[in-house]
Amino acid sequence: EKTNKPDALWLGAGIGKFGFTNNNSVYFSQFYPKTGLFNEAFKAFLDEYERFLAFGVTDSELERIKQGYLQSIQQSYTNKDKQASANYANNLVDHFLTGRILISAEDDFKLSSKLISEITKEEILEASKEAFGNRGTIFFILSPESIEIPAEKEITDIWKNYESQAAKEAYVDDVADSELMKRPAAKAKVISKKAIKDVGGTEY
């Protein structure tokens, strides 16, 4: 939401993790400030970072993300017989190299559906605090030489000492849980119909 606003201070921002080795993952946070707005973007990012660690997700956010995951695994299971051979080969390689458990499509679908449905927002907050409980131990800045960035001391001071006032207020998810639109009470009548010979279609 912040990124999509016309007056956004950054081009993008987020947190996540990536596999560093077969058995280890690295957690990270990142933002891409607009030119000349490094400090402002950094503080705005820390506002949302600290807000999330203080309050976690809302019930409606959790429900939407669960539905998204459940629909995705349902689709994968439905199309289990249409998977490329490379997918099976990659799973086998992962099993032998990392010890990752190899299970059938049926068991994967059942187990994933059960676990996703049982996840609570309290568990998400606890896991998030464990993974992102501080502002990190290494700070990377990648920038072209043509862009002027604040002094290292100035950046470090924000990183270590900035106290967010905005983060004291919980995020409000004001997306309505109602239908996108009401179904018409009666079907409409076709007013005109024209053949489109070039593409073999019909315009109504």
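The values are calculated or read from the model by the stated rules, or taken from the named source; none is laboratory data. Every value quoted in this text rests on a predicted model; they were computed, and no experiment measured them. Cβ: placed from backbone, ideal geometry, glycine included. Neighbour counts: every protein chain shown. What goes into the accessible areas is simple: the full protein's heavy atoms, side chains included, and nothing from ligands, DNA or RNA. Shrake-Rupley method; radii C 1.70, N 1.55, O 1.52, S 1.80 Å.
Just so you know, the Cα atoms of the chain work out to an Rg and Dmax of 24.0, 70 Å. Per residue, the chain exposes 81 Å² of solvent-accessible protein surface, assessed with a 1.4 angstrom probe and all protein chains in place. Spherically averaged projected area of the convex hull of Cα atoms, region 86-145: 8.2 nm². The simple Förster model, with R0 at 22 Å and r as the Cβ-Cβ distance, assigns K34 and L62 a FRET efficiency of 0.10.
Size descriptors for region 115-201: radius of gyration and Dmax over Cα atoms are 27.0, 70 Å. Mind checking which lysines have their C-alpha under 29 Å from K197, skipping anything on the same chain fewer than 8 residues away? The reachable lysines, counting only those whose Cα sits under 29 Å from K197, are K187, K189. In percent, rounded to a whole number, the relative contact order of the chain is 25, using alpha-carbon pairs under 8 Å and six or more apart. Two numbers describe the Cα atoms of region 1-98: Rg and Dmax, which are 18.9, 52 Å. Under 1.5 on a/c is rounded, so check that first for region 161-204, then, if it is not, pick prolate when a/b is larger than b/c and oblate when it is not; a ≥ b ≥ c are the square roots of the alpha carbon gyration tensor eigenvalues. Verdict is oblate for region 161-204. Among L46, L115, L142, the residue with the largest mean-square fluctuation in a Gaussian network model of the chain, with springs joining Cα atoms closer than 10 Å, is L142. Per 0.36 nm of contour for each residue apart, how much would the distance between D81 and T3 grow if the chain were fully extended, relative to their Cα-Cα spacing? Between D81 and T3, full extension yields an extra 24.2 nm. A simple spin-label model places the labels of F20 and L115 2.3 nm from each other, with each point 7 Å out along Cα-to-Cβ.
Each principal axis of region 126-166 carries a Cα extent, and these read 42, 21, 17 Å when sorted largest first. Values of log10 I(q)/I(0) for region 7-52 across q = 0.15, 0.19, 0.23, 0.32 Å⁻¹ run -0.45, -0.62, -0.77, -1.12, by the Debye formula with one identical scatterer at each alpha carbon and no solvent. Computed from phi, the 3J(HN,Hα) profile of region 191-199 under the Karplus parametrisation 6.51, -1.76, 1.60 (θ = phi - 60°) reads 7, 8, 8, 9, 7, 10, 5, 4, 10 Hz, with x in place of Gly and Pro. Only lysines eight or more places from K82 in sequence, or on another chain, were considered; those with a Cα closer than 28 Å are K66, K110, K114.
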